[in-house]
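The values are calculated or read from the model by the stated rules, or taken from the named source; none is laboratory data. A quick note: this is a predicted structure, and the numbers were derived from the prediction, not measured. As a convention, Cβ positions derive from the backbone with ideal geometry for all residues, glycine included, and neighbour counts pool all protein chains shown. We work out accessible area using only protein heavy atoms, side chains counted, and drop any ligands, DNA or RNA first. Shrake-Rupley method; radii C 1.70, N 1.55, O 1.52, S 1.80 Å.
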Amino acid sequence: MAEAKHGTGETQGSIIVRETSSGSQIVSQFSDEMGADTSSGAGPDSEQARRQEPSLSPQGKRKWYSLMDKVYAPANLQQAWGRIKANGGAAGIDGVTIARYAEGVDVHLPALGRDLKDKTYRPEAARRVYIQKDSGGRRPLGIPTVRDRIVQQALLQVLSPIFEAKFSNASHGFRPERGCATALTVVDRAVRHGYEWIVDADIAAFFDTVDHAKLIAALNEEIADGSVLNLITRILQAGVIEPNVGEMEPTRLGTPQGGPLSPLLPMCTCITSICE
C-alpha cells in the first residue's frame, strides 16, 4: 500500500493505493482530519474521493505534488515486485530472469530504492521482440529488464489512480476492472435501445508514434513533481535493442509496448486538448 500526500497548508490529504482481489489498483482520497477507514476499499468514485482534490498550483491549476518519495517507498517497491513476480515474463537485455532476481531481492529492492531516491537510477534499453498481429504484420514489443519493470510498476501504482479519475467512463481498454466484457455490456445495452450501427476505428501505430514532449506536457497538467516527470522521460528515451543487433537504437517517439507503464502513458495524452 502506498500513501501520497498532496497540497500544502491546512488542506493536506492522502491517496491510498491498494490491490483488489483481481490485482487492480484503486485509490481512496481523504482529508487527514476525516479519520477514514483505509481498509474499506473506497474507489475513485467514492464519496471520500469526491471530498478531496489536488491543491492549486501558483497558476491556479489543481495538481499533485511530492509523489516521487511514494514511488520509491519500500512498501510500494515491494508491492511492485510482487506484481512483476506474479506476472512472470521474459528477461530483458541483461538476461536476468524473475527467478534470478528473486534470489537476491532482499538486496536488490533496497538498492533500487536508494538509486531512485538519489536520482542515480538509469533504465536500460528494452529488448525488442515482435509478435504476429491477427490482422497481419507484426507488433513490436519492448521487454524491459526485471529491475526496470519494477520501477514502472511502482510508478503505475502511484499514477494510475490519479489519471483514472480523469479518463472517460466510455473508455474500457487497459483500465482496472474494465475490458472487453464491460465494453460488450455497453454495446448490448445500446442494441436493446435501438442502436444499429457500430463504428470500428483505429489509430494506426498509436503507441509507436506518441510524441514524448506532448505526453510529458499532458502528465504535467496533473502532476507537478519534476522528479517523476524526469524519470518517465528517461524511461521513454531508454532506447531499444533489436534482435541480432548489438547497438542501442534511440526511442525518440512512442511508448514501447511490453512494460507496465505502456498502456497508461499513451492514454494520458488523450485527457487534454493536445489529443487530435
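Pull up all non-local amide H partners of Ile223: gap of 5 or more, or a different chain, and H-to-H distance under 5 Å with H placed in the peptide plane.
Correct list: Trp64.
Could you give the length gained by full extension between Glu247 and Val187, i.e. 0.36 nm per residue of separation minus their alpha carbon distance, to one decimal place?
Fully extending the segment from Glu247 to Val187 adds 16.9 nm.
What number comes out for the charge environment of Arg149, summing +1 per Lys or Arg and -1 per Asp or Glu over other residues with Cβ under 13 Å away?
+1
Which ³J(HN,Hα) values, rounded to whole Hz and listed in residue order, are derived for the stretch 117-127 from phi using the Karplus coefficients 6.51, -1.76 and 1.60 in 6.51 cos²θ - 1.76 cosθ + 1.60 with θ = phi - 60°, glycine and proline given as x?
Running phi through 6.51 cos²θ - 1.76 cosθ + 1.60 with θ = phi - 60° gives 5, 7, 6, 9, 5, 10, x, 8, 5, 7, 8 Hz.
Could you sort 241-248, 76-83, 194-201 so that the peptide with the highest average Cβ count within 10 Å comes first and the rest follow in order?
76-83, 241-248, 194-201
Step through the residues of the stretch 241-251 one at a time and calculate ³J(HN,Hα) from phi using the Karplus curve (6.51 cos²θ - 1.76 cosθ + 1.60, θ = phi - 60°), rounding each to whole Hz and writing x for Gly and Pro.
10, 6, x, 6, 10, x, 8, 7, 9, x, 10
Each residue of the stretch 216-231 in order: what ³J(HN,Hα) in whole Hz does its phi give by Karplus 6.51 cos²θ - 1.76 cosθ + 1.60, θ = phi - 60°, with x for Gly and Pro?
Residue by residue, the stretch 216-231 yields 5, 5, 5, 4, 5, 5, 10, 10, 10, 8, x, 5, 5, 5, 5, 5 Hz.
Count charges around Gly88 for me, please; just the other residues with Cβ under 14 Å from its Cβ, Lys/Arg as +1, Asp/Glu as -1.
So the surrounding residues net to +4.
What does the charge count around Thr255 come to, taking other residues whose C-beta lies under 11 Å from its C-beta (Lys +1, Arg +1, Asp -1, Glu -1)?
-2
Using modelled backbone amide H atoms (1.01 Å from N, in-plane), which distant-in-sequence or interchain residues come within less than 5 Å of Asp211's amide H?
For Asp211, whose amide H was placed from the backbone, the distant partners under 5 Å are Gly254.
First compute the accessible area of the stretch 123-276 with a 1.4 Å probe, then give the percent of it belonging to carbon and sulfur atoms.
Its accessible area is 53 percent carbon and sulfur atoms.
Can you order the peptides 203-211, 155-163, 107-115, 138-146 by their average number of other Cβ atoms within 10 Å per residue, highest first?
155-163, 138-146, 107-115, 203-211
Tell me, what is the per residue accessible area of the stretch 104-151 in Å², probe radius 1.4 Å?
Accessible surface, normalised per residue, equals 54 Å².
Name the residues whose placed amide hydrogens come within less than 5 Å of the amide hydrogen of Gln257, ignoring near sequence neighbours (fewer than 5 apart) on the same chain.
Gly142
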